[in-house]
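Right, one structure below, let's go through it.
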Amino acid sequence: MRYLILGKNGMLGRDMEKVFHDEDYIAMDMIDLDITDTNEVFETFMSIRPDYVINCAGYTDVDKAEQEQEKSNEVNGYAVGVLAKACREIDATLVHFSTDYVFDGSRKNGYNEGDAPSPINAYGRSKLLGENLIFDEMDSLDELRPVEGKYFIIRTSWLFGENGRNFVDTMLDLGGFKKEIKVVNDQFGKPTYALDLAKQTKWLIKSQEYPTGIYHITNEEVTNWHDFALEIFRLADMKANVIPCASDEQPRPARRPKYSSLINNQLPQLRSWKEALGDFLAARK
């Protein structure tokens, strides 16, 4: 099998390279392949002929997306539709990463794979657009395409890892010089270690047991940002005065869902986020 990893310089892309190091893979970033350029995508895919395209590329600035909705939609939405179309053309499987932010956050018990999305910010809408374009391209049947396309849409949440700015790094930096740190305690979700996500993605692909569809992959146990911060400082053996506050005390350009924990009903569960965080902090040192 040949794997094409897109977004190689991002947090997830770099961890994906780690776990696929012993496979036949090619990794690219925007400088190598502009996924918003339809002709370039098709030419590249035809040349490389991957069996799996693992799309770790994306527009990830949730707040900035409110002002750059066209750009966010282009990268997270329309470009994903092009990837799906190119994958179907060469009979490749598309592995694409989406987000808990496709949900509105109104369900305290979290969201299953089959629950109807209803995003409340521009970033979430752009990611949902990408999901829907995959469905449109891969699930459609006609005389020329009598067989459905193959894809895995993997939703994840609250990603942290070694190769990009994230909440853990922000907290540790702030803890070094601020006397008190206010962190919201009314948004709930599941923190996820990028390396664990990459490993589980490879396992899903290699198992050859699971059909096309949507999958939720996160580390387990629900928390809020305030308690996440407390655990970061505890495991890092740092003293910090972390003050809980409500979201309306720290308004941001993009609304966040209040409850966005992803329920995994289809795959073996990952370890707890606390255990994963401990490993990440050890690696960070």
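For residue 218, the conditions (1) of a type in the set (S, T, N, Q); (2) in a loop (DSSP other than H, G, I, E, B); (3) over 19 Å from residue 281 (Cβ atoms) are fulfilled apart from (3). Of the candidates 85, 64, 108, the single residue that is in contact with a Phe, Trp or Tyr (Cβ under 6 Å, 6 or more places away or on another chain), open to solvent by 30 Å² or more (accessible area, probe 1.4 Å) and on the phi < 0 side of the Ramachandran plot is 108. Residue check: residue 200 meets all listed conditions (1) touching a residue at least 40 places away in the same chain (Cβ under 8 Å); (2) open to solvent by 60 Å² or more (accessible area, probe 1.4 Å); (3) within 20 Å of the chain's Cα centre (by Cα) but one, namely (2).
Of the residues 104, 34, 15, 24, the single one that is out of contact with any Lys or Arg (no Cβ under 7 Å at 6 or more places or on another chain) and free of Cβ contacts under 8 Å to residues at least 24 places away in the same chain is 34. Looking only at residues in the range 176-193 that are outside any strand (DSSP E or B) and touching a Lys or Arg at 6+ places or on another chain (Cβ under 8 Å), the one that is nearest to residue 217 (Cα to Cα) is 187. The set of residues in the range 77-101 that are under 19 Å from residue 190 (Cβ atoms) and in contact with a Lys or Arg (Cβ under 6 Å, 6 or more places away or on another chain) comprises 98, 99. The set of residues from the range 130-141 being assigned to a loop (DSSP other than H, G, I, E, B) and among the aliphatic types (A, V, I, L, M) comprises just one member, 141.
If you go through the range 223-251 and keep only what is closer than 26 Å to residue 117 by Cα, touching a residue at least 60 places away in the same chain (Cβ under 8 Å) and surrounded by fewer than 19 Cβ atoms within 10 Å (Cβ to Cβ), you end up with 246, 247, 250.
The set of residues in the range 263-278 being within 15 Å of residue 156 (Cβ to Cβ) and not polar (S, T, N, Q) consists of 263, 267, 270, 271, 273, 276.
What residue, of 127, 108, is modelled with pLDDT of 95 or more, part of a loop (DSSP other than H, G, I, E, B) and within 15 Å of residue 257 (Cα to Cα)?
Testing whether each residue is modelled with pLDDT of 95 or more, part of a loop (DSSP other than H, G, I, E, B) and within 15 Å of residue 257 (Cα to Cα) leaves just 108.
Residues in the range 142-162 that are out of contact with any Asp or Glu (no Cβ under 7 Å at 6 or more places or on another chain) and in a loop (DSSP other than H, G, I, E, B): 142, 143, 144, 145, 146, 147, 158, 162. With respect to residue 41, is the statement that it is open to solvent by less than 30 Å² (accessible area, probe 1.4 Å) and either closer than 25 Å to residue 262 by Cβ or in contact (Cβ under 8 Å) with a residue 60 or more places away in the chain (or both) true? Judged against the criteria, residue 41 is not a match.
The values are calculated or read from the model by the stated rules, or taken from the named source; none is laboratory data. Treat the numbers as computed from the prediction; the structure is a model and nothing was measured. Quick reminder, even Gly has a Cβ in these numbers, built from the backbone with ideal geometry, and neighbours come from all protein chains shown. Ligands, DNA and RNA are stripped out before the accessible areas are found, and what is left, the full protein with its side chains, is counted by its heavy atoms. Shrake-Rupley method; radii C 1.70, N 1.55, O 1.52, S 1.80 Å.
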